[in-house]
Amino acid sequence: MSARVGVVTFPGSLDDGDAVRAVRLAGAEAVRLWHAEPRLHQVDAVILPGGFSYGDYLRCGAIARFAPVMELITMAARDGLPVLGICNGFQILCEAHLLPGALTRNQHLHFRNRDQRVRIESATTAWTNAYDEGQELLLPVKNGEGCYVADRATLDELEAEGRIVARYTGGNPNGSQRDIAAIRNEAGNVVGIMPHPEHAVAELTGPSTDGLGFFTSLLKHLTGVAR
Amino acid sequence: MSRPEAGVDTVARATQTPDELQPFAELGLRDDEYERIRDILDRRPTQSELAMYSIMWSEHCSYKSSKVHLRQFAEKNPVSDRMLAGIGENAGVVRVSDRLAVTFKVESHNHPSFVEPYQGAATGVGGIVRDILAMGARPVAVMDPLRFGAADHPDTARVLPGVVGGIGGYGNCLGLPNIGGEVVFDPTYQGNPLVNVLCLGVLPVDRLQHKAAAGPGNVVLLIGAKTGRDGIGGVSVLASATFDDQSDERRPSVQVGDPFTEKLLIEACLELYEAKLVVGIQDLGGAGLTCALSETSAAAGTGMDVQLDRVPLREPSMAPQEVLASESQERMLLIVEPGNLDAALTVCERWGVLATAIGTVTAPAAEREPGRLVVTWHGEQVVDVPPASLADDGPVYARPMREPPDLILLQADRAETLPRPRTAAELRETLLRVIASPNLCDRTWVTEQYDRYVLGNTVLAQPEDAGLVRIDEQTGLGVAVSVDGNGRYARLDPYAGAQLALAEAYRNVAVTGATPVAVTDCLNFGSPEDPTVMWQFAEAVRGLADGCAALGIPVTGGNVSFYNSTGAAAIHPTPIVGVLGVVEDVAQRVPMGFVHDGDALILLGETHPELSGSEWAWVEHGHLGGTPPQVDLAREQLLASVIAGTARVGHLSSAHDLSEGGLAQALVEACLRRGLGTRVALPDGVDPFVYLFSESAGRALVAVPRGHERAFAALCEERGIPWTPIGIVDEACGELDIRGHFAVPLAELRAAWSGTLPGLFDPPAAEGPPAAEPVDTAERAEQAEPAEHAEPAEQAEPAEQAEPAMAVADGAGSVDLVPERADAQA
């Protein structure tokens, strides 16, 4: 029985199809979840994909947080459901208070799409256990509001608890504090990442296949939990 | 001019007041055109009707000056069994497999983008995307051929960042990868930038949609955004002449884009198509409802009863002629069977798209008679016209044409006679200056602002020669598209210029390994009322039509943009040509940059001393004169077929088109793409300067893997294409070495090539306030710089050196600088 991974589509989600493809390539079954339907269809994990949910007109992720499906996801995440928020999904996780801090306008004020090197800082989460700590990945980054900010105490806490999951290396593409590219919650089941691992799963269409590990990590994690 | 009484101008009133003066001239209609309208209606038009005729008979909608020339495309088009829809549809549709078809088209949004660069460019994207959507296709990619004034002109610093931001802002939010385009600077576009946008869409062959409003009794459904006063450019004159004198000021003439609504509109339409709920569909673009209502009914020969007061309005005080003329974005007009109405409304509701039944399709009163488009406003009839009189029977003019009187002198002033670099050192310096020039330098500053990954099917994107997207994940089927144009060549010879644009786009598609199959165009010219512009236009159309016939690929549709002038002077004639190619398996695509150490470099084609209209002549001498490079379309065809054939059997590891900047530019781009150096040995007896900087057409630089050289050479011999071995890829050397002349380290090349656009368009003090991190002074020690910030390794890498300004800007927000700045907040 293969793992069932839900991928939420909000109005304005754009990389949902890519998340579905990545899940499939990793060997799991992707299940489409609709923002307005308060049902999780017995999925084993959830991905909040990239895009511009609700146009991101108020504040990125601010409205998506209130979608009916998000209520269930928020509750389930607190009970240990693995959740990965990519780009807009990361923004939604912060708005939903599943992760601390916020993602603000890139410091150079431009949308920026480039192939970015990141270093895995925590390989113990549900989404990064297939990597080694210190491993460098090449992932596309593409956002206008990817500058991670939090208060000093929060940043220190994230550092101290090893909850910074990935940092930018070789240049910070958006001005994120402490070069933060990805963080996790205390339990390690919820991860938010600004770069796009789902766009680095095939040589033909991505800069590398380095992103596939996020999805295979989940399968490893689920097997471990099942055992 | 008499002022009308309060209230709307109804058909009844128009009949009763035949002599009321109407502001037709202010609306751009000529005396004889106005008389024709009166003849058609057998009375004076109402205000609403006058507004509709003035828009539909405008140059923009009726193609009245270009029609007589554009006919050549249909007449000369080669027969192609791939064409499912062609000229006259919203966009041409080309079959690419048994199951799939693609549609593509390029359109201009030049004037709005000058007035309001961000929104002008953004709505340019929105408009062409709806054209593609209206054909039944899912839009899958965009491209943006852009022209700006001089790179260092202050106004370019206003226009370019806005245009790029608008294209990115809209396209990124729609989730459409931007896979290529052009950024060209020339003083001729000062005050009249060109913002052309191409959109590519994919559809199952059996999902093709039509615009015909067939089936009397069917419902006319308006979906998408509410209608506001935006974009009533054409009728603002009417408004100011007949209504409140201040009303004009309230009307922005540039539309405002809402990409989120468009994204929902796309998803809703695709779901409606899949459920087979749509009889006919038309996007609302220029001329808004007027165009959509008249074209859909004219296409079916039906009529329509429209209750205009049902149209949801942003501004309830709008008059009927304003509702008819509004160019509010993100709207589509659908024709739906009454039994399917509820299902259609449910789909729209699911996507949060407003949908309103505004009328019904009606049958003609008698056989062989056209239907009538009847529009009521709160129960009163304000429009009653034969729809084809608006959509199809507009005026057609054969405008006077004359060769520009200065052309002979211009052509006699050849760049081949200009002073050239004499020594190896001068040649080296010339190379560095030319590759750093605004038209040849690195485009990353622009293209980084566009999402090229979304949808996960982008196989090649800028800076590759063509964009390539996979359209079938099972089979690997893909399509490549390139858009090209060279206004300088076209100024020197519009016939050849159009063919050179076609040849370059064709070659760019071919070097990816794709087989070119279809053409679209966007013809940007000055005023058609200027006989010399009309001559340029006629020559360019003739050149393009002849070129497509010679290459055996049809024009599937396009766009004409007239009245592009800076002051009294017309822009260089700028035909932009898009070519679409098919790749059976995208895994076999050929990249542009060098990939393997030791590959043999071979130059395909012949190099002649052709420097007129070249980048070298412009950069080094500010010179434009002479005649552009010779076009040999048979050679282009041969080149394309050799590349496609050799790519398929693994003879090619890379292939790069030679165009602006010649071999020098091609070598630099191919080296820098992956940071592989090369050693080049120019053939004996050639003039190194000519060999490096000539812009002769029909050439490509290919890299052939070891062990394949002999087979490749034999194939070139057999096919009769000139081939010249010119060197090898040498990873270790780390430079571009032109043996016996000069060498430039890749880092130096990259610094020259990459620094130009950031230097021009990044604000000098890019730091700004950092993302403040409240810091306690006592803890500053802990905040010590993480090792990677120093990036010693990175600093050695040319890519990073190329962006000194960016490095500073990025660093400002990072840990090392924050503590000092944030002390005060602790």
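Points to keep in mind about this one:
- Relative contact order [Cα under 8 Å, 6+ residues apart], chain B, whole percent: 13
- Entry for the stretch B:79-237 at q = 0.12 Å⁻¹: log10 I(q)/I(0) = -0.61, Debye formula applied to identical alpha-carbon scatterers, no solvent contribution.
- Residue by residue along A:163-172, Cβ atoms of other protein chains within 10 Å of the local Cβ number 4 on average.
- Whole-number accessible area per residue in Å² for the stretch A:4-226, which is evaluated in the context of all protein chains at 1.4 Å: 32
- Other residues with beta-carbon under 11 Å from the beta-carbon of residue B:373 carry, at +1 per Lys or Arg and -1 per Asp or Glu, a net charge of -3.
- Spatial separation of Cα centroids for the stretch B:497-559 and the stretch B:466-485, in angstrom: 20
- Radius ratio Rg over Rh of the protein assembly as shown, counting only Cα atoms, Kirkwood formula for Rh: 0.98
- In degrees, nearest ten, helix B:154-174 long axis to first principal axis of chain B (Cα): 70
- Angle of helix B:662-674 to the longest C-alpha principal axis of chain B, folded into 0 to 90 degrees and rounded to 10: 80°.
- Global geometry of the stretch B:347-492, whether rounded, prolate or oblate, following the gyration tensor of its Cα atoms and the 1.5 cut on a/c: oblate
- Measuring between their Cα centroids, the stretch B:642-694 and the stretch A:53-105 lie 49 Å from each other.
- Alpha-carbon geometry of the stretch A:65-105: the Rg and the Dmax are 9.8, 32 Å, given in that order.
- Against the rule of thumb 2.2 N^0.38 Å, how large the Cα Rg of chain A comes out: 0.90
- Protein heavy-atom surface of chain A, 1.4 angstrom probe: 52% of the accessible area is carbon and sulfur, with nucleic acids and ligands not counted.
- Measuring spread by the Cα atoms of chain B yields a radius of gyration and Dmax of 28.3, 91 Å.
- Gyration tensor (alpha-carbon) shape descriptor, the stretch B:600-757, a/c threshold 1.5: oblate
- Folded to 0 to 90 degrees: helix B:31-41 orientation relative to chain B principal axis, Cα: 50
- Alpha-carbon Rg/Rh ratio, for the stretch B:109-187, with Rh computed the Kirkwood way: 1.00
- C-alpha center-to-center spacing [the stretch B:269-310, the stretch B:365-413] in angstrom: 19
- Estimated purely from DSSP H runs of n ≥ 4, each contributing -39500 (n - 2.57), the mean residue ellipticity at 222 nm for chain A is -7000 deg cm²/dmol once divided by its residues.
- Of A:149, A:141, A:190, the one that fluctuates the most in a GNM where chain A has Cα springs shorter than 10 Å: A:149
- Cross-link partners of residue B:76 among lysines, defined as those whose alpha carbon lies under 29 angstrom from its own and excluding same-chain residues fewer than eight positions apart: B:64, B:67, B:105, B:211.
- Shown here are the Rg and Dmax of the Cα trace of the stretch B:487-608, at 17.2, 58 Å.
- Dividing the convex hull volume of the alpha carbon atoms of the stretch B:421-571 by its residue count gives 176 Å³ per residue.
- These residues, B:621, B:656, go from largest to smallest accessible area, 1.4 Å probe, as B:621, B:656.
- Two-decimal Rg/Rh across the stretch A:1-60, once Rg and the Kirkwood Rh are taken from alpha-carbon atoms: 1.01
The values are calculated or read from the model by the stated rules, or taken from the named source; none is laboratory data. Because the structure is predicted, anything quoted here is derived from the model rather than measured. Every residue, glycine among them, receives a Cβ derived from its backbone with ideal geometry; neighbour counts consider all protein chains shown. All accessible areas refer to the heavy atoms of the entire protein, side chains included, with ligands and DNA or RNA removed. Shrake-Rupley method; radii C 1.70, N 1.55, O 1.52, S 1.80 Å.
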